[in-house]
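Everything below concerns the one structure shown next.
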Amino acid sequence: MPYDPGNVFARILRDEIPSDRVYEDDEVVAFRDIAPHAPTHIVVIPRGEPPTSPAELDDADAPWVGRLVVRASRIAAEQGLAHDGYRLILNCGAHGGQTVPHLHMHILGGRPLGPLG
Ligand code: 5GP
């Protein structure tokens, strides 16, 4: 799928839409989800025009995807979630519940999240 520069995360990156940022560096921006599913719900997004979903990843993406996971776990720790635990999610496509076509990782925590599903 071609990247849509009008998607909501692209607009957040360009500061066309305000966001409650909790972390940013040269590769990623992390902000609080506008419709949280847990007491702490943060979305971590790569800067630029990444693949639209996990389905588009290939081996060449492994280094930055790995760093995305490491960043997310560090942000979770900074948010005080490390002791009790948290969930990292990459949604993919319609059945995965993905609504924004800019690959991203959710951090959910702050309460027992229970089983998947
Ligand atoms: P997805 O469902 O694609 O995995 O995740 C997209 C997430 O982006 C959803 O949890 C949704 O609540 C969040 N979201 C959509 N629009 C906005 C927005 O304008 N600001 C923020 N902070 N989050 C948004």
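The string of couplings for the range 48-55 from the Karplus curve (6.51, -1.76, 1.60, θ = phi - 60°) is x, 10, x, x, 6, 8, x, 5 Hz, one whole number per residue in order, with x for Gly and Pro. The heavy atoms of Glu78 offer some 110 square angstrom of accessible surface to a 1.4 angstrom probe. Of the two radii for the chain, the radius of gyration is 0.94 times the Kirkwood radius, both from the alpha carbons; that is the Rg over Rh value. Measuring nothing but how far apart in sequence close Cα pairs (under 8 Å, 6+ apart) lie, relative to its length, the range 8-109 scores a relative contact order of 32 percent.
To the nearest 10, the accessible area of Tyr86 is 80 Å² with a 1.4 Å probe.
Grab the other residues whose beta carbon is less than 12 angstrom from that of Pro51, score K and R as +1, D and E as -1, and report the net. With Lys, Arg at +1 and Asp, Glu at -1, the net is -4. Here's the picture: charge each Lys and Arg Cβ at +1 and each Asp and Glu Cβ at -1 in the range 1-68, and of His41, Ala30, Val65 the one pushed furthest to the positive end of that dipole is His41. Could you check how much of the accessible area of the chain is carbon and sulfur, as a whole percent, using a 1.4 Å probe? In the chain, the share of accessible area belonging to carbon and sulfur is 56 percent.
About its Cα centre, the chain has a charge dipole of approximately 420 debye under the convention of +1 per Lys or Arg Cβ and -1 per Asp or Glu Cβ, with nothing else charged. Take 100-108, 56-64, 42-50, 27-35 and order them by the average number of nearby Cβ atoms within 10 Å per residue, most first; the result is 100-108, 42-50, 27-35, 56-64. Hey, how much of the P(r) for the range 1-49 falls beyond 18 Å, as a percent of Cα pairs? The calculated P(r) of the range 1-49 puts 29 percent of pairs beyond 18 Å. Axis of helix 62-78 versus longest Cα principal axis of the chain: the two differ by about 30°, to the nearest ten degrees.
The values are calculated or read from the model by the stated rules, or taken from the named source; none is laboratory data. Values in this document were obtained by computation on a predicted structure and should not be read as measured data. Positions of Cβ are generated from backbone atoms using ideal geometry, with glycine treated the same way; all protein chains shown enter the neighbour counts. Each accessible area value is taken on the protein alone, full model and side chains, heavy atoms only, with ligands, DNA and RNA left out. Shrake-Rupley method; radii C 1.70, N 1.55, O 1.52, S 1.80 Å.
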